[in-house]
Amino acid sequence: MARMKRLLLLTLLALAAPAVLAQRWDEDFAAFAAADKVKPPERGGILFVGSSSIRLWEKLEGQFEMPMLIKRGFGGSQLSDCVEHVQRLVIGYAPKVVVLYAGDNDLAAGRSPEYIRDQFIAFVKEVHQALPETRVAFVSIKPSPSRRIYLDNAREANGLIEAYAKGKKNIEYIDVFTPMLDKKGVPRPELFRADALHLNEAGYELWASIIRPRLLR
């Protein structure tokens, strides 16, 4: 009897899991929709999407000072989430450029560098199927001090994506990984908040200085 109850419980949890996962980002996308109603974004803008490194970028608009800039980061998300929700995250805005930061949380969840590369390819294909002239720029996975155990995997994933993007139309790789390391190849702690995971103001200033010229091309 106890075994049957346990199997029933596991079955119910398995059936409930997809619904829970589907609802995970509802609050974030509801907030995006509300913001769009207040200030409807124009088509052909510059769209920043991805995980908490985008969501927490409080001075993003001021640091770029570009017209039609949209920020749509949802904290804790993985690259696969960006692929799954690409329609309402990207396609609906019809941006000229989409700047993507994701992959950090994928590594922490045990995903391989090849998996992250493949998810990026899937993201690009979804975007270009609907918006063939939209430029997709991948911001490299950052070297967070709190996640030093993933440093080699981050470097490998970045390299795979850089190799994929090389020479392709409307796809590019932006390296923030290398400038965030010191001369010994160690993550620079002065670029991060106290949690040694998320960027502080100096970290975002560095990112802006690297990304801004690439958007002006």
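The values are calculated or read from the model by the stated rules, or taken from the named source; none is laboratory data. No experiment lies behind these values; they were computed from the predicted model shown. Ideal geometry is used to build each Cβ from the backbone, glycine not excepted, and the neighbour counts take in all protein chains shown. Calculation scope for accessible area: heavy atoms of the full protein, side chains included, ligands and nucleic acids excluded. Shrake-Rupley method; radii C 1.70, N 1.55, O 1.52, S 1.80 Å.
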Highest mean packing first, using Cβ neighbours within 10 angstrom, the peptides 175-185, 29-39 sort as 175-185, 29-39
Between residue 186 and residue 87, the FRET efficiency computed from the C-beta separation at R0 = 41 Å comes out, to the nearest 0.05, as 0.55
Here the percent of antiparallel bridges among DSSP beta bridges lying wholly in the stretch 97-217, to the nearest 5, is 20
Across 10 Å bins beginning at 0, the whole-percent shares of Cα-Cα pair distances in the chain come to 8, 33, 35, 16, 6, 2, 0
Those trypsin sites (Lys or Arg not before Pro) from the stretch 45-152 that are DSSP loop and have at most 13 other Cβ neighbours within 10 Å turn out to be 59
Residue-normalised 222 nm signal for the chain, counting each DSSP H run of n ≥ 4 as -39,500 (n - 2.57), nearest 500 deg cm²/dmol, is -15000 deg cm²/dmol
Computed over the chain, protein heavy atoms only, probe 1.4 angstrom, the accessible area per residue in square angstrom equals 53
Mean separation of Cα contacts under 8 Å (at least 6 apart) over the residue count of the chain, i.e. the relative contact order in percent, is 17
The rounded separation in angstrom of the Cα centers of the stretch 170-195 and the stretch 132-154 is 9
Residues other than residue 146 with Cβ under 12 Å of its Cβ, Lys/Arg counted +1 and Asp/Glu -1, net out at +2
Other residues with Cβ under 15 Å from the Cβ of residue 41 give, with Lys and Arg +1 and Asp and Glu -1, a net charge of +4
Counting only backbone N atoms under 19 Å from a point 7 Å out along Cα-to-Cβ of residue 96, the residues of the stretch 111-153 in range are 128, 131-138
Surpassing 20 Å at the alpha-carbon level, of the pairs 59/166; 59/169; 142/184, are 59/166; 59/169
In the stretch 167-217, the GluC sites (Glu not before Pro) that sit in a DSSP loop and have at most 13 other Cβ atoms within 10 Å of their own Cβ are none
The percentage of the accessible area of the stretch 70-217 (probe 1.4 Å, all protein chains present) made up of carbon and sulfur atoms, to the nearest whole number, is 50
